[in-house]
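The values are calculated or read from the model by the stated rules, or taken from the named source; none is laboratory data. Note that this is a predicted model, so its numbers are computed, not measured. Note: ideal-geometry Cβ built from the backbone for every residue, glycine included; neighbour counts use all protein chains shown. Just the protein is used for accessible areas: all its heavy atoms, side chains included, with ligands, DNA and RNA removed. Shrake-Rupley method; radii C 1.70, N 1.55, O 1.52, S 1.80 Å.
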Amino acid sequence: MSRPLCARCTAPALLVVRYPHTWRNSSGAPVDGLRESVLCGSCDADDPAAEGLLALLTEDGAPPARLVDLVGDWLTAVRHRTPDHTDLAAEEARWRAGDL
Ligand SMILES: [Zn+2]
């Protein structure tokens, strides 16, 4: 089975986590769904929230209990992040221009 790819750089992801996420639509009504966070060895190399988890996933023989704690710490940090609207607008412009 192939690993999912990082949407930022297309390298194989080290970890993909899906969790419940609620947001409000334009009418202000809550919408329940799922959110997905991807841990990438390249894109997240400089992210302090991912440091311990990246070290654990790229080393051999790490104790499994530590993995659970590190995933929890990482999710606590990334689950509240929102997309950068400037980056989204630039990506949309590239897509509309046929560059993507
Ligand atoms: Zn990546």
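Using 0.36 nm per residue of separation minus the Cα-Cα distance, give me the extension gain between TRP95 and THR76 in nm, one decimal.
3.7 nm
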In whole Hz, what ³J(HN,Hα) sequence does segment 80-86 give by Karplus (6.51, -1.76, 1.60; θ = phi - 60°), x for Gly and Pro? 9, 7, 10, x, 7, 5, 5
Between ALA50, ALA77, ALA90, find the one with the highest GNM mean-square fluctuation for the chain; connect C-alpha pairs within less than 10 Å. ALA90
Amide H to amide H, which residues 5 or more places from LEU5 or on other chains are under 5 Å from it, using H placed in the peptide plane? ALA13
Along the charge dipole of segment 15-96, pointing to its positive end and built from +1/-1 on Cβ of Lys, Arg, Asp and Glu, which listed residue (GLY41, GLY28, THR86) has its Cα farthest out? GLY28
Given the options THR86, THR76, THR58, state which has the largest fluctuation in a GNM of the chain using a 10 Å cut-off (strictly under) for Cα springs. THR86
Pop out the carbon and sulfur fraction of the accessible area of the chain as a percent, whole number, probe 1.4 Å. 54
Note down the relative contact order for the chain as a percent, whole number, built from C-alpha pairs under 8 angstrom at least six residues apart. 18
Near the amide H of HIS21, under 5 Å away, which other amide H atoms are found, from residues 5 or more places off or on another chain, if H is placed in the peptide plane? GLY33, LEU34, ARG35
So what is the orientation-averaged projected area of the chain, using the convex hull of its C-alpha atoms, in nm²? 8.7
Charge dipole (the chain, unit charges on Cβ, about Cα centre) - positive-most of TRP95, GLY52, ALA13: TRP95
Electrostatic dipole magnitude of the chain [Cβ: Lys, Arg +1; Asp, Glu -1; Cα centre; debye, to 20]: 400
Rounded to the nearest 10, the angle in degrees between the Cα long axis of helix 64-78 and the longest principal axis of the Cα atoms of the chain comes to 20
In Å², what does the accessible area per residue of segment 15-96 work out to with a 1.4 Å probe? 72
